[in-house]
Amino acid sequence: MISTRGYAAAAAKAELKPFHFVRRDPKDHDVVIDIKFCGVCHSDIHQVRDEWGGSVFPMVPGHEIVGVVSKIGTKVTRYKVGDRVGVGCFVDSCRSCDCCRRGFEQFCEKGMVQTYNSQYYDGERTMGGYSKQIVVDEHYVLRLPDSLPLDASAPLLCAGITLYSPLKHWQAGPGKRVGIIGLGGLGHMGVKIAHAMGAEVTVLSQTLRKQTDGQRLGADYFLATTDESTFKTRRNYFDLIINTVSANVDINRYLELLRMDGTIVIVGIPSAAMSVGAFPLIMGRHRLAGSGIGGIAETQEMLDFCGMHGIVSDIELIKIQQINEAYERVVKSDVRYRFVIDMASL
Ligand code: NAP
Ligand code: ZN
Ligand code: ZN
């Protein structure tokens, strides 16, 4: 066993505190990663606060992990000691169901093994990236492009792929009008990636507070959703809208912003169900869809795309001792635009 340490929540809504625990010794196909940085996703907060139900404690959160390989199992072929690598939201899947075989491990029919707040099929509990080290099967490890800095790449492992996947699937590109609801961790990655794909990008934010940033990130337009005129001027406008908001919004109002055959993709995960009217869907043959992170091959493709376009996250680097304060700021939509923990502070 590898004795290690991190920060954990002991119970739902508890503050994160220093925590000692063990990782398994590397098996044949495992790599041991010394974690250098870990992003802070709103999903960490939802789970620490048990907002989705079923959280298991103690919980070491963190699924935007980057670091350096420090040891490898005897049969590892993809990575060597010293490689710069990342780990995202899951660390195993059944590898044999239809989804796994097609490269959509995130939708594994047996259920993927999430990086934390989950367990392996043999019962081993998973603990996430707010920690010194992690042991992961090489098949679930990503390679970071040499051109990207480690710290600002961490959020690509969840926020980056969560926006890249639907933007690619619904063909964001030249001539397409994309709207992004919410300029937070996910939203700001969506603006950068959609812009790099060549789409026209509009940010739909609660206020104009983040307008200058939005334009710097690549947005063509920046509109306030508390301003009624937004819903008049952008009626029948968008090909694709991605909703990244962590709380419930009235999705019917946004459905009316789609042009014919346009799609709204839900990626934000509030705990309460949403209510959808029939008319806003029917008129214009609109579609309402969802999307969840991405498979391993697609995540690697996203990292390579970001490497090629020089895309990383805009981050606020924090010490792990600031994590509880950082959670409060994320909940208040007061992060520009992702907190990343410098694990040297642990
Ligand atoms: P975040 O950084 O907190 O960003 C969410 C943004 O939504 C905020 O910055 C804010 O943007 C807007 N917002 C917040 N509260 C709002 C409200 N009451 N009404 C309207 N807008 C509001 O969170 P994140 O890390 O990007 O994650 C966003 C959501 O996606 C979370 O629910 C998370 O669990 C989920 N998620 C899903 C996946 C997936 O695979 N589908 C992956 C990762 C995360 P403005 O200030 O611009 O309004
Ligand atoms: Zn996440
Ligand atoms: Zn599977």
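The values are calculated or read from the model by the stated rules, or taken from the named source; none is laboratory data. Since this is a predicted model, take the numbers as computed values, not measurements. Neighbour counts are summed over all protein chains in view; Cβ atoms, including those assigned to glycine, are modelled from backbone coordinates with ideal geometry. These accessible areas exclude ligands, DNA and RNA; they are computed on the full protein's heavy atoms, side chains included. Shrake-Rupley method; radii C 1.70, N 1.55, O 1.52, S 1.80 Å.
Within the range 3-105, the chymotrypsin sites (Phe, Trp or Tyr not before Pro) that combine a DSSP coil assignment with at most 14 other C-beta atoms in a 10 angstrom radius are 52.
Counting heavy atoms of the protein chains alone, residue 209 has an accessible area of about 130 Å² for a 1.4 Å probe.
Rounded to the nearest 500, the helix-only mean residue ellipticity at 222 nm of the chain stands at -6500 deg cm²/dmol, with each DSSP H run of n ≥ 4 adding -39,500 (n - 2.57). Computed over the alpha-carbon pairs of the range 201-346, the distance histogram in 10 Å steps reads 10, 30, 37, 19, 4, 0 percent, short to long. Taking only the alpha carbons of the range 1-74, we obtain Rg and Dmax values of 13.8, 41 Å in that order. Compared with the alpha-carbon gap, the fully stretched path from residue 28 to residue 14 is longer by 1.4 nm at 0.36 nm per residue.
Here the accessible area of the chain is 52 percent carbon and sulfur, with a 1.4 angstrom probe and all protein chains present.
Considering only 188, 29, 63, the mean-square fluctuation computed in a Gaussian network model of the chain, springs between alpha carbons under 10 angstrom, is largest for 29.
Per residue, how much accessible area does the chain have with a 1.4 Å probe, in Å²?
Numbers: 14500 Å² over 346 residues.
For the chain, the solvent-accessible area averages 42 Å² per residue.
In percent, rounded to a whole number, the relative contact order of the chain is 18, using alpha-carbon pairs under 8 Å and six or more apart. Helix 185-197 versus the longest principal axis of the chain: what angle, 0 to 90°, nearest 10, using Cα atoms? It is inclined by approximately 70 degrees. According to the Kirkwood relation over distinct C-alpha pairs, the hydrodynamic radius of the range 178-282 is 13.7 Å. When the Kirkwood hydrodynamic radius is evaluated over all pairs of different C-alpha atoms of the chain, what value in angstrom, to one decimal, is obtained? Over the chain, the inverse of the mean reciprocal pair distance is 20.4 Å.
GNM remark for the chain: springs join alpha carbons under 10 Å apart, and the peak mean-square fluctuation among 47, 215, 133 falls on 215.
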